[in-house]
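The values are calculated or read from the model by the stated rules, or taken from the named source; none is laboratory data. Computed from a predicted model, the values in this text were never measured in an experiment. Don't worry about glycine lacking a Cβ; one is built from the backbone with ideal geometry, like all the others, and counts go over all protein chains shown.
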Amino acid sequence: MFPFSGEAEFPPSPPCSGTTTPGNGDYPDSRKSKPCWEEAAETPLTDWGVISPGKGGGKGWWDSCQFTTMNVVFAVKQYISKMIEDSGPGMKVLLMDKETTGIVSMVYTQSEILQKEVYLFERIDSQNREIMKHLKAICFLRPTKENVDYLIQELRRPKYSIYFIYFSNVISKSDVKSLAEADEQEVVAEVQEFYGDYIAVNPHLFSLNILGCCQGRNWDPAQLSRTTQGLTALLLSLKKCPMIRYQLSSEAAKRLAECVKQVITKEYELFEFRRTEVPPLLLILDRCDDAITPLLNQWTYQAMVHELLGINNNRIDLSRVPGISKDLREVVLSAENDEFYANNMYLNFAEIGSNIKNLMEDFQKKKPKEQQKLESIADMKAFVENYPQFKKMSGTVSKHVTVVGELSRLVSERNLLEVSEVEQELACQNDHSSALQNVKRLLQNAKVTEFDAARLVMLYALHYERHSSNSLPGLMVDLRNKGVSEKYRKLVSAVVEYGGKRVRGSDLFSPKDAVAITKQFLKGLKGVENVYTQHQPFLHETLDHLIKGKLKENLYPYLGPSTLRDRPQDIIVFVIGGATYEEALTVYNLNRTTPGVRIVLGGTTVHNTKSFLEEVLASGLHSRSKESSQATSRSASRR
């Protein structure tokens, strides 16, 4: 079953095959091919082939798309639209794998796809698909060995009349040859590469949904390969051939930069885009450089929902909410299809409450009165015409009232206002005595959960790791006395191993100049209303310096001899180990307030605190210490 944005899931359906790559002459960027296998394989085979972008002549549809901003949702949506459009009129089945199902569901709802005559949605690995020769098959698959094998089986015994095969990334010639040989019945109409090989979360935010990308400080080889593929696909879909900078303190960042450069060099024809006056820039960062941001509670709508409820491909599981109705156990929050969410996703929680009230009042005004009489044909016609919109509005109201209500309940139940205030103090201020006193006070508070207690101690451990009066051993005793599990206690030292001062290439906590010190002082004068949102991710400072041409090359070197003489305009930032919604908000605000600059943020995943701690565990760094307090002693001896 395939979950699509904001709609019921689709019943499974059959597999298919085909490929083309969007490129200079075809797509957002794509490489295209008609059954001309000989173009891609060494030996002439039937009439299959994969044509590189720019080959085949003529101006392609992707070239005609004018981007005023770099919009990843638009790019992926255009790919899907083109696939369906090229298959022509008639009933269709969309055949996907696990990953491409998520990719499609982020940009299209079920009803939108149904309007394009796609009536069936199937997984390529489904074993129970029926033969339906009246359907055309549109196959959108990652070019993995497993998927190619499934396609070979499908083409040998085709279940559909004709196949349009689209791979989400570069497909090897040997795989194309194998598919051509399997196409004995000549059912394949087209094979293309369309580079929608990533999850488009927001217009300026993408993810690869990879949790646990590194082992220690080094890449897991399989995840390095997947990340390279996803990042190069992102570049192709946005038609960017960038200069590359990376975080010097991270070996993983340098390795990824080299891998991306290798692909650009190898597939140079795909990256032959129109030159711009200022080349685009890819900046590769490592989560280790800022472990503070993913540990903080959030107070803007999208970030807060992810922190407290969890967002998985736009879906929120509300099944554990007390008294939840059956139809609200899982809801979808998509800015593409939910106007209220689109208008409120970056607003603070207090504003959301007020806007929910306004939404409900508007709903009440538009709601058909129970006593309303349908006395004439005109009355009935008006009701029927208005009902779909009313029904949609009704669903929007109940969804957001439920979500905001649950957020409010959790804030109260877990004492998160007080917890968050101390978190902000730990992240933004440098008063050790006050911070320690406040952390100790909250550890004695019965409403503070073990998760939030451990989080506070982690923030303290990161900030005051080398402070002369470091009191981490005492806080570890307080955690144990509070009944915090060994799992969370061990994570304190693991987080310091992961993102402590020894591994950071930057100083997260000390303002570096008079301007920064003044800004920090003014933050303290803004009053209670901003006490929960004082923190700015370190990414803000990094991008601010980059935009102004002040980002130090000795900390963020270029890969290769070339350097950028002008200030960058199109910037892709990628965070190994995962980005956050707070950082996405930073990018959104920079795009909004900096004329001429367009920034897209991506990460191996999009973290909340829970998933970040899973990332730390997956790295294996926690195994270096048996108990958090022991690790603290070693760290103290280094001081």
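Odds and ends about this structure:
- Tallying residues that are within 17 Å of S168 (Cα to Cα) and in a loop (DSSP other than H, G, I, E, B) within the stretch 88-124 yields 5.
- Residues located in the stretch 117-153, provided they are within 27 Å of the chain's Cα centre (by Cα) and either over 15 Å from M96 (Cβ atoms) or in the same structural domain as L231 (by TED's automatic domain parsing) (or both): K145
- Number of positions in the stretch 566-615 that are closer than 25 Å to R255 by Cβ, at pLDDT 95 or above and over 17 Å from the mean Cα position of the chain (by Cα): 2
- Residue within the stretch 188-195 that is closer than 21 Å to L256 by Cα and modelled with pLDDT of 95 or more present: yes
- Complete set of residues in the stretch 93-105 that are surrounded by 24 or more Cβ atoms within 10 Å (Cβ to Cβ), touching a strand residue (DSSP E or B) at 6+ places or on another chain (Cβ under 6 Å) and not β-branched (V, I, T): L94, L95, M96
- Residue within the stretch 414-433 that is surrounded by 18 or more Cβ atoms within 10 Å (Cβ to Cβ), farther than 24 Å from N608 by Cβ and in contact with a Phe, Trp or Tyr (Cβ under 7 Å, 6 or more places away or on another chain) present: no
- Residues satisfying the stated conditions in the stretch 257-282, i.e. closer than 19 Å to A579 by Cβ and assigned to a loop (DSSP other than H, G, I, E, B): P280
- Qualifying residue in the stretch 286-302 (condition: over 25 Å from S420 (Cβ atoms) and either assigned by TED's automatic domain parsing to the domain that holds Y460 or assigned to a loop (DSSP other than H, G, I, E, B) (or both)): no
- Selection count, the stretch 538-587, where residues are of a type in the set (D, E) and not in a helix (DSSP H, G or I): 3
- Looking across the stretch 152-178, the residues that are under 18 Å from D86 (Cβ atoms) and either buried (at least 17 other Cβ atoms within 10 Å of the Cβ) or of a type in the set (K, R) (or both) come down to Y160, I162, Y163, F164, I165, Y166, F167, S168, I171.
For (1) of a type in the set (A, V, I, L, M); (2) in a strand (DSSP E or B); (3) without any contact (Cβ under 8 Å) to a residue 24 or more places away in the chain; (4) surrounded by 24 or more Cβ atoms within 10 Å (Cβ to Cβ), each residue gets a yes or a no:
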| residue | (1), (2), (3), (4) |
| --- | --- |
| V201 | yes, yes, no, yes |
| A233 | yes, no, no, yes |
| S249 | no, no, no, no |
| I284 | yes, yes, no, yes |
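Table: residues versus (1) surrounded by 13 or more Cβ atoms within 10 Å (Cβ to Cβ); (2) under 30 Å from A454 (Cα atoms); (3) modelled with pLDDT under 95.
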{"residue": "L333", "(1), (2), (3)": "yes, yes, no"}
{"residue": "M345", "(1), (2), (3)": "yes, yes, no"}
{"residue": "I352", "(1), (2), (3)": "yes, yes, yes"}
{"residue": "A382", "(1), (2), (3)": "yes, no, yes"}
{"residue": "F390", "(1), (2), (3)": "yes, no, yes"}
{"residue": "T396", "(1), (2), (3)": "yes, no, yes"}
{"residue": "K399", "(1), (2), (3)": "yes, no, yes"}
{"residue": "L410", "(1), (2), (3)": "yes, yes, no"}
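- Residues of the stretch 404-432 satisfying the condition of being assigned to a helix (DSSP H, G or I) and polar (S, T, N, Q): S408, S412, S420, Q424
- If you check R123, R157 for being in contact with an Asp or Glu (Cβ under 9 Å, 6 or more places away or on another chain) and farther than 17 Å from Y79 by Cβ, only one passes: R123.
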